[in-house]
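Trainee: Questions regarding the structure given below will be posed in turn.
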Amino acid sequence: MSRFTLPRDIYFGEGSLATLKTLKGKKAVVVVGGYSMQKFGFLDKVVNYLKEADIQVKLIEGVEPDPSVETVMNGASIMRDFQPDWIVSIGGGSPIDAAKAMWIFYEYPDFTFEQAIIPFGLPELRQKAKFIAIPSTSGTGTEVTAFSVITDYKKKIKYPIADFNITPDIAIVDPELAQTMPQNLIANTGLDALTHAIEAYVAVFNSAFSDPLALQAIVMVKEYLLDSYNGDKKARNEMHSAQCLAGMAFSNALLGITHSMAHKTGAVFSIAHGCANAIYLPYVIQYNSKICSHRYATIANKLDLSGQTDDELVDSLVKWIQAMDKKMDIPLTLKDYGISEEDFKSNIEYISHNAVLDACTGSNPREIDDKTMEKLFTCIYYGEKVTF
Ligand SMILES: NC(=O)c1ccc[n+]([C@@H]2O[C@H](COP(=O)([O-])OP(=O)(O)OC[C@H]3O[C@@H](n4cnc5c(N)ncnc54)[C@H](O)[C@@H]3O)[C@@H](O)[C@H]2O)c1
Ligand SMILES: [Fe+2]
């Protein structure tokens with residue numbers, strides 16, 4: 001038996017934020033980052049809409065990018081004092097993911113982080129509160145996904161929490177929030193969305209339910225990401241929808257080793273999630289294509305890329321992604337990202353071992369062990385074609 005889970009409601013399009021006015025409830029915590037949503041006035045809008053709905057509001061502000069276990073536990077403690085029946089999270093993937101994890105420890109104070117990172121092992125949520133996610137970046141898709149990514153800074157490791165319990169109840173995908181993103185954030189998050197869609201399309205749990213969402217997201221990224229990067233408002237609106245479609249696909253089909261590697265290098269090399277994915281994805285496609293070249297060829301055909309055979313089409317797909325990277329100032333190798341050889345060599349065993357153990361490795365179409373992961377990282381560092 002397979003399962004396909006999405007939020008109960010997805011409100012989308014300009015002005016959809018106003019749906020908060022119609023919410024039924026008594027108390028809401030609003031979880032937000034430290035800066036952009038306040039600066040651009042979206043936090044005030046959210047608070048005012050909730051007040052119009054006669055809901056008492058408490059803010060949990062200042063969630064940092066790539067939120068820590070400590071931030072999650074502090075937020076859960078504030079929630080336990082306030083006892084909200086709604087958790088409203090607004091911002092990029094970071095505050096929304098932090099809020100999802102806070103939700104677990106709000107409802108189950110004795111549950112531990114170590115228990116929470118066991119895939120699909122969470123207790124039944126919604127005993128105390130339901131969850132609304134309002135994304136302000138066009139990338140993670142977290143407003144519709146069963147994932148939350150939390151960083152243990154002592155170990156310098158990002159841990160994905162995966163469970164359909166944390167799929168939000170309501171997603172509000174209002175593109176007005178994404179209009180204020182700076183160029184580098186558009187590049188990183190847009191390429192994160194592309195990686196979600198491509199990894200979901202070849203992941204072991206891909207299905208007739210997830211495939212159309214993944215393919216449509218990929219087509220939309222090709223059509224709109226560069227224009228969005230160059231400031232086109234309509235293209236930014238479209239990218240906000242595209243990343244959500246990719247989120248729906250990967251939440252159910254799961255991801256692959258591009259994400260395993262990004263999770264395990266983010267904190268070690270201080271590399272933004274989407275940027276890491278953008279660098280790694282072409283090499284992972286070369287590695288995986290030994291067993292699923294036809295799926296990648298289907299993507300390339302859908303994008304009207306050149307090539308007759310599957311191998312030629314895979315090659316075109318790799319080239320297209322790297323050309324997009326270049327146009328958005330994303331380096332093509334870890335060396336060009338600025339990691340010194342010494343730093344790379346002293347970490348390669350650690351990151352390779354941890355990447356193999358990451359929760360996303362199990363759904364990658366091709367298996368991998370520590371030594372092969374080291375070889376793959378080495379290709380990515382120097383920009384060598386993956387031939388094994
Ligand atoms: N849960 C999932 O399914 C999932 C999927 C992929 C990635 N992630 C995680 O999400 C995190 C990354 O999230 P992200 O890429 O959305 O970035 P982010 O939330 O970390 O935000 C990055 C920066 O962008 C700013 N920002 C956010 N929205 C803005 C806007 N509209 N205008 C101007 N500035 C804005 C923030 O203030 C912050 O400084 C990582 O921790 C990653 O691992 C989660
Ligand atoms: Fe991602």
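Trainee: Using 0.36 nm times the number of residues separating Leu357 and Phe388, minus their current alpha carbon distance, what extension gain do you get?
Mentor: Residue separation times 0.36 nm, minus the Cα-Cα distance, leaves 9.1 nm.
Trainee: While we're looking at this one, here's another question. By what distance, in whole Å, do the Cα atoms of the stretch 88-184 stretch along each of the three principal axes, largest value first?
Mentor: Projected onto the principal axes, the Cα atoms of the stretch 88-184 cover 40, 32, 18 Å.
Trainee: Could you give log10 I(q)/I(0) at q = 0.15 Å⁻¹ for the stretch 141-267, computed by the Debye formula over C-alpha point scatterers of equal weight, without solvent?
Mentor: -0.70
Trainee: What's the local net charge at Ala249, with K and R +1, D and E -1, over the other residues with C-beta under 10 Å away?
Mentor: Taking every Cβ under 10 Å from that of Ala249, the sum is -2.
Trainee: Sticking with the crude label model, points 7 Å out along Cα→Cβ, report the distance from Ala208 to Asp152 in nm, one decimal please.
Mentor: With each label placed 7 Å out from Cα toward Cβ, I get 4.2 nm.
Trainee: When the Cα atoms of the stretch 1-88 are enclosed in a convex hull and the volume is divided per residue, what value in Å³ results?
Mentor: Once divided by residue count, the hull of the stretch 1-88 is 148 Å³.
Trainee: By how many nm would the segment from Asn301 to Lys51 lengthen if fully extended, with 0.36 nm per residue of separation less the alpha-carbon distance?
Mentor: That pair, Asn301 and Lys51, stretches by 85.0 nm at full extension.
Trainee: Past 32 Å, Cα to Cα: identify those pairs from Lys130/Lys371; Lys21/Lys156; Lys26/Lys222; Lys51/Lys100; Lys45/Lys234, in the order given.
Mentor: Listed pairs above 32 Å: Lys130/Lys371; Lys21/Lys156; Lys26/Lys222.
Trainee: Compute the FRET efficiency between Asp311 and Thr372 as 1/(1 + (r/R0)^6), taking r as their Cβ-Cβ distance and R0 = 25 Å, and round to the nearest 0.05.
Mentor: About 0.75, to the nearest 0.05.
Trainee: Pop the C-beta distance of Glu114 and Tyr35 into the FRET formula with R0 = 41 Å and round what comes out to the nearest 0.05.
Mentor: Here the calculated transfer efficiency is 0.85.
Trainee: Reported to two decimal places, what Rg/Rh ratio describes the chain when computed on Cα atoms with Rh from the Kirkwood expression?
Mentor: Over the Cα atoms of the chain, Rg/Rh equals 0.96.
Trainee: Please list the non-local residues whose amide H lies under 5 Å from the amide H of Tyr159, H modeled 1.01 Å from N, same-chain partners needing a gap of 5 or more.
Mentor: Under 5 Å from the amide H of Tyr159 lie the amide H atoms of Ile150, Thr151, Asp152, each far enough along the sequence or on another chain.
Trainee: In nm, what is the difference between 0.36 nm times the number of residues separating Phe82 and Leu59 and their Cα-Cα distance?
Mentor: So the chain would gain 7.2 nm between Phe82 and Leu59.
Bear in mind these aren't lab numbers, they're just calculated from the coordinates by the rules spelled out. From a predicted model like this one, the values you see are computed outputs, not experimental measurements. In this analysis, Cβ positions are derived from the backbone assuming ideal geometry, glycine residues included, and neighbour counts consider all displayed protein chains.
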